[in-house]
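Worksheet: one structure, shown below.
Just so it is clear, none of the values below were taken in a lab; they were calculated from the coordinates. Nothing here was measured: the structure is a model prediction, and the numbers come from that model. Positions of Cβ are backbone-derived with ideal geometry, glycine not excepted, and every protein chain shown enters the neighbour counts.
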Amino acid sequence: MKKKNSNYRKNIIISVSMLGLIIVLSIFIYLLNQSYDALNNIFPEKNLSWTTISEIELNKRLDLIEEERVKKLILEKKNIQIINDAWTSWKIDACSELEDVELKNKCLDNWNLYNASLNNDIKYCDLVNNDYLKENCKDDINYNIALSLKDIKSCEKIVDLNILNKCKSFFVITNIENSGENSEITDCKTLTWDDRIYCENTINNKEDISFLNNALNQNDIKLCSSIKNKDLKITCQDTLNLENAISTENISLCNKILDSDKKEKCENSLSQINDLYFLKEAISKEDLDICEKIKLVDYKNQCYDNVLLKLAISEKNKKRCSTIYNREISIQCNSFFENSN
């Protein structure tokens, strides 16, 4: 009985050992295949094994791979610099220096989209390569043209349904607000849900609308108190407080505005006026401390760079040039000292 148990244990040990050996061999074969695949990635044109490659040849190939990687990094850095130059120097020709076709098209597209928006000119939209961006560009310009010309027919040129509805709604609502008692609920049927509700509420509050128009036309905030509808009364007061705050440059009036969007617009508009004042004062007095009072980042950076330029020239201190952020102003600063030598 004992002999039988002993043989049984021996058989188990042998089976486990064989299984372990099989697993080890499988792992070895897998690693060998991985090494072979790695070799073929480096030498794709030959069916080679590790034993047929000299160490010198292997190092040469690895050096070539590293050289290609470095070239790619240098090209990427060059492309980034070209794109930055295109924007900072306002030269669209810089985009043409890009070797990568996709990057070149993106650079040109961004430039043309910016000019289309800046000049409200649809001809720049036609120069955009990306079809989706081109259509969006045209829709935005057509929307702006429709509003500036006060021509609802221009809305029909818009492809995007959301922008098209927004364009039509503007004219319907404007007409209802201006026509007062002559408007009917049926005029609101062509509008989308939110605009339709506003339209119907406007017609249902004809008397309040009349008070609103009188208050706005006469620029008299006291007339807003005659309005019964709470929302319209707030609209009346907020609109006049916004207009008076900007016209008198009195930022304290912004605090009286309840609507968050109008209040933000009020504060931003007056902040910009104040920032421009501080910008001119800082450059005139060559005082960097005044730049600290500027809130808008772009104006603040512009302030620092221009003051640093003036200080560098007046103090004849070239080291100031290295602290200038804007590339064009920095070049101008360094050129002054190079030309003066």
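Please specify each residue of the stretch 316-328 satisfying the condition of being surrounded by 14 or more Cβ atoms within 10 Å (Cβ to Cβ) and of a type in the set (Val, Ile, Thr).
The answer is 324, and nothing else.
For the stretch 225-235, what are the residues that are surrounded by fewer than 18 Cβ atoms within 10 Å (Cβ to Cβ), within 38 Å of the chain's Cα centre (by Cα) and within 13 Å of residue 207 (Cβ to Cβ)? Give the steps one after another, and end with the answer.
Initially, the stretch 225-235 is screened for residues surrounded by fewer than 18 Cβ atoms within 10 Å (Cβ to Cβ), giving 225-226, 228, 230-231, 234.
Adding the requirement that they be within 38 Å of the chain's Cα centre (by Cα) leaves 230-231, 234.
The answer is none; no residue qualifies.
In the stretch 100-158, which residue that is more than 20 Å from residue 171 (Cα to Cα) and among the β-branched types (Val, Ile, Thr) is surrounded by the fewest Cβ atoms within 10 Å (Cβ to Cβ)?
101
Cβ-Cβ below 6 Å, separation at least six or inter-chain, first residue in the stretch 196-224 and surrounded by 17 or more Cβ atoms within 10 Å (Cβ to Cβ), second not in a helix (DSSP H, G or I): which pairs?
199/191; 203/183; 205/229; 208/227; 208/228; 208/229; 211/227
Given the criteria without any contact (Cβ under 8 Å) to a residue 24 or more places away in the chain and crowded, with 17+ Cβ neighbours inside 10 Å, does residue 331 qualify? Break it down stepwise before answering.
Values: without any contact (Cβ under 8 Å) to a residue 24 or more places away in the chain: yes; crowded, with 17+ Cβ neighbours inside 10 Å: no.
Against the criterion (without any contact (Cβ under 8 Å) to a residue 24 or more places away in the chain and crowded, with 17+ Cβ neighbours inside 10 Å), residue 331 does not qualify.
Looking only at the stretch 257-271, count every residue that is among the polar types (S, T, N, Q) and closer than 22 Å to residue 232 by Cα and tell me the total.
Qualifying residue count for the region: 1.
Out of the residues in the stretch 245-262 meeting the condition of being crowded, with 16+ Cβ neighbours inside 10 Å and part of a helix (DSSP H, G or I), tell me which one is nearest to the chain's Cα centre (by Cα).
Residues of the stretch 245-262 that are crowded, with 16+ Cβ neighbours inside 10 Å, as a first pass: 245-246, 251, 253-254, 256-257, 259, 262.
Now narrow it down to the ones that are part of a helix (DSSP H, G or I): 245-246, 251, 253-254, 256, 262.
Details: 245: 30, 246: 28, 251: 29, 253: 31, 254: 28, 256: 32, 262: 23 Å.
In this case the residue turns out to be 262.
Of the residues in the stretch 123-166, how many are among the aliphatic types (A, V, I, L, M), farther than 22 Å from residue 96 by Cα and part of a helix (DSSP H, G or I)? So that I can check it myself, show each step before the final result.
Residues of the stretch 123-166 among the aliphatic types (A, V, I, L, M): 127-128, 133, 141, 145-147, 149, 152, 158-159, 161, 163-164.
Within this subset, residues satisfying the condition of being farther than 22 Å from residue 96 by Cα are 141, 145-147, 149, 152, 158-159, 161, 163-164.
Retained after the next criterion (residues that are part of a helix (DSSP H, G or I)): 141, 145-147, 149, 152, 161, 163-164.
Selection size over the stretch 123-166: 9.
When both residues are 6+ apart or on different chains and their Cβ atoms are under 8 Å apart, which pairs have a first residue that lies in the stretch 308-319 and is touching a residue at least 24 places away in the same chain (Cβ under 8 Å) and closer than 9 Å to residue 286 by Cβ, and a second that is outside any helix (DSSP H, G or I) and among the acidic types (Asp, Glu)?
Correct list of pairs: 310/286; 311/286; 314/286.
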